[in-house]
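Worksheet: one structure, shown below.
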Amino acid sequence: QLLLKDFSITLAHTISELNGIPCLALEEKTAPRQQIVSSRSFGKPVETLQELREAVSSYTTRAAEKLRQQGSVASSIGVFIETNRFNPNEPQVQRTRMLPLEFPSDDTRRLVETALQGLEHIYQAGLRYKKAGIVLTGLGPRHTRTLGLFEDSSHTVRRKHRNCCSPPGPGWACQSKVRMAEVTTPQHCNSCPSCRGISLKWGFCARRMGRLPS
């Protein structure tokens, strides 16, 4: 009370804290994030749509894992790609596409499919892309999600197996001091019923991603 006579409440709290008198309660639980972003700068320029598809699929998978960890679902997803902004000798392009989900979801397959649809709209051939990423927005608690008419019977099965194939990080994955090793040998998913025995290069279900016929 004596400090408040001569100083502001903020400074009074600071002095009290320095003297070991707690004034602000610690937050015991971190509030859920309102959006989740997953993006990387490529170690080398990427030109083909297929390479961008693999990168966006990997980033979306990581974002979906974070989404489920905090018990949330997303109602929309955005995908973006850009060229090297620091290279004046190349075209400067930054393109973004936001897509709403039919129903809020935390399902990796649904999120990846939607992200790839957005990528198809913004990809422009002939450019050297330096960065790509996705953003999940419109987040809300999982228990408030609205199921589709035919979703409730199959959603449990997808939730059980959707993490069985985790991307190991191909050679284009990121630009950092310690880069993930490029996958040089095929991998096999033995637990996922929809891709058991299929040779996978990137570690996620090739059949679900449309890379192999059903």
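Taken together, the values in this text are just the output of simple stated rules run on the coordinates, not laboratory data. Here the structure is a predicted model, which is why all the values come from computation and not from measurement. Cβ atoms come from the backbone with ideal geometry, glycine included; neighbour counts cover every protein chain shown.
Would you work out which of VAL135, THR61, SER39 lies farthest towards the positive end of the dipole of region 38-154? Charges go on Cβ: Lys and Arg +1, Asp and Glu -1. The one lying farthest along the dipole's positive direction is SER39. Normalised by the number of residues in region 7-108, the average gap of Cα pairs under 8 Å and 6 or more apart makes the relative contact order 22 percent.
Where in region 72-148 are there GluC sites (Glu not before Pro) that are in a DSSP coil and have at most 10 other Cβ atoms within 10 angstrom of their Cβ?
none
Classify region 17-139 as rounded, prolate or oblate from the Cα gyration tensor: take a ≥ b ≥ c as the square roots of its eigenvalues, call it rounded if a/c is under 1.5, otherwise prolate when a/b beats b/c and oblate if not. In terms of gyration-tensor shape, oblate. For trypsin sites (Lys or Arg not before Pro), the sites in region 29-116 that DSSP calls loop and that have at most 15 other Cβ atoms within 10 Å are LYS29, ARG33, ARG85.
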